[in-house]
Each structure stands twice: as C-alpha cells, then as structure tokens.
Amino acid sequence: MDLLNALVDKGLRGESPTREEALAVLATSDDELLDVVAAAGKVRRRWFGRRVKLNYLVNLKSGLCPEDCSYCSQRLGSKAEILKYTWLKPEEAAVAAKAGVAGGAKRVCLVASGRGPTDRDVERVSETIAAVKEANEGVEVCACLGFLSDGQAERLRSAGADAYNHNLNTSEATYGDICTTHDFSDRVDTVREAKQSGLSACSGLIAGMGESDADLVDVAFALRDLDPDSVPVNFLIPFEGTPLADEWNLTPQRCLRILAMVRFVCPDAEVRLAAGREVQLRSMQPLALHLANSIFLGDYLTSEGQEGKADLDMIADAGFVVEGTDTTTLPEHRVDELVSVRRRGAGTELPPNA
C-alpha cells in the first residue's frame, strides 16, 4: 500500500503523518491488518529494536477521588467494588516495588488518586521515592499524582523522580463528555509543567469510551504537540458502577489499528501497552508488541493484570527481549533534550512542540 510505504518512510525519519494519513490507518480493513502491523513494526524497531521495557505500578492511595472521570472506578460517586485506602508508608511502597523489579521491571510508577497533591503529599511521595530507589538499584521512578501546583514538579525531581505521568485521555472536543470537574487544558498544563521541570513526560490516551476515529486522531496529535517521551495507550475496562460500564465497543483488531496509528504519529516515543490490554486485545497481545515497546507488568490501579510469568513468556515467544537497567530506553536525541532542559534549570520555557 502506498499509504503504508509513505508512513514507514516518515516514521524512520522521525516524522509524523498527516491527519488524513492517521485517519486512513484507523479506516483500514481487517484484511489489511497484518500489513499495517508490519509497517508500524518497522518504525518501532527503528527506534527501539526488539526491546520491551517493563513497568510496575504501585498504587499509593486508592479510591475516594473528588474528580468525576467517567471511566474511573475511583471517581466521585463510583459504585465499583474496589479496595479503598489512604497513603502507603514509604517502606510498604518499597516492598511492593521490589516485587515488580524482581520480575524484570525497569520503571516503578507511583500512583495516587485525587485531584492533585498537597505540599505534604509531595513530601510524603518524596520519601517514598527515596525508599524505592534505595531498595532497588538502578530503577526509574515515575510519579502520577494528578494536577501539580507551582514548584511541585521541581520538588519531585529533586527527590529523585525520573518522570511524571498525566494522561490527556481523549480529545479536547469530547473531554467534557467524560469529565466535568476539570478540563482538557488542565491536563495539558500539568504535562508542560512536568517537562519544564526536567522530568521525563509521560502522557497517553484511553480508547474505547465511545470516541470517533477523529477523536482518537485529535488526542494523538495533541500528544504529538506536547511531545512526551512515553505514550501509554489504555483500553477501557468498563467497570460496573461507572457511567461507562456498558461501553464494550473495542475489538482486538481495532486495538491494533489504534496502536499502529499512535506509533506512526509518535514514531520515536516509548509507546506503552497499558490498562485493558488483557481484556481488549486478548490473544492478540503478542502482535501488539510489534507496535508498543513497553508494557505494564502485573496489576493495574484497581484491576488485575496478566500473570507476570505469562507476560515474560509472551515476550520471549514473540521474539522480543526484556530491556535491562543498563540500557537507555529513549533515542539519543530525546535523552539529549531532557539533559538540556535540566541544565537550563527548572521552569525554563520550552520551545514550540517540545
């Protein structure tokens, strides 16, 4: 296909497709699916070889969130039956993280429910970061705490955080349909705050919430403009007790096309298979490794993941290798850009699209 040849050429150069090309990827037929995967796989291998980065999530605080995001089992008014608890102690989080690192995880993601951290929360998480790093030599730590106030990103980086996650989730045009307690621009501002502090930005999307192809392309291009180093692609888990409990509209084939589109739009970013892969991709998960170079190992925030050994077997059987702590995940130009921001100092204004 001329379309796929053009997309591969652009992706190998680190360039993104046009909106029309991205939409065309989502519109391809099931008969063309393997061609789409093979084409996007070439771009994935150009920037990340056959390496798969493993990430492990530690839920520091669960439930009782004041935000009303429709997809979330921790949302305000949620009837979902989930475990609810307040902050884990630093030593408890370090023990939990150690289990993931023992399974091969290179990055530990520290997540807490809520609109955003107080200064006391940042202090608490800073202590947790120190405990995790002391117990696990060479591990990366990513924090995900919601909206950040002035100076909080810098404090987290000073405490040893390597990255900050804050997803855009869906397009700006439809954001009000899934959340009314904050808006799309709030999320964009937090990603920019993280980048300007010298943290590696991690921001992605959730597919399967009833969005159109145009919405998926819109959020992918919004992410491209923010240019995060990591782009998690989540597939909706329709939790009972949430407004999206009946949204079962994804197929494994559509999930693969979405991943391919994101890979083409963000060719040199770490594309991560995140929540919902087991539920929505099912037996097609190995094919997704040709598109994504990063996955979560173990459980998610309020749902169980695939057994760790099954993930490791899947990676090996598909001909990929687990990325070690002695390997730099990101392409050299991304590492150089991150180092440059840190040398210029926190709060440095980023150039357009950086």
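Listed values, structure above:
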| read-out | value |
| --- | --- |
| Shape box of the stretch 184-305 [Cα atoms, principal axes, largest first, Å] | 38, 33, 31 |
| Two-decimal log10 I(q)/I(0) for the chain, as the Debye equation yields it once each C-alpha is a single scatterer, q = 0.06, 0.07, 0.09 Å⁻¹ | -0.19, -0.26, -0.44 |
| Cross-link reach list, lysines versus Lys89, counting only Cα pairs under 24 Å and skipping chain neighbours closer than eight places | Lys61, Lys98, Lys106, Lys133 |
| Reachable aspartates and glutamates from Lys10, criterion Cα separation under 18 angstrom, eight or more residues apart if same chain | Asp2, Glu20, Glu21, Asp35, Asp225, Asp227, Asp268, Glu270 |
| Fewest-first ranking of Leu259, Leu289, using other Cβ atoms within 10 Å as the exposure measure | Leu289, Leu259 |
| Sorted by Cβ neighbour density within 10 Å, fewest at the top, the residues Tyr56, Tyr71, Tyr85 | Tyr85, Tyr71, Tyr56 |
| Packing-based exposure ordering (other Cβ within 10 Å, fewest first) of Glu307, Glu21, Glu211 | Glu307, Glu21, Glu211 |
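Values quoted throughout were computed directly from the atomic coordinates according to the rules given, and no laboratory measurement underlies them. Note that the structure is a prediction, hence the values are computed from the model and not measured. Reconstructed Cβ throughout: ideal geometry from the backbone, glycine too, with neighbour counts over all protein chains shown.
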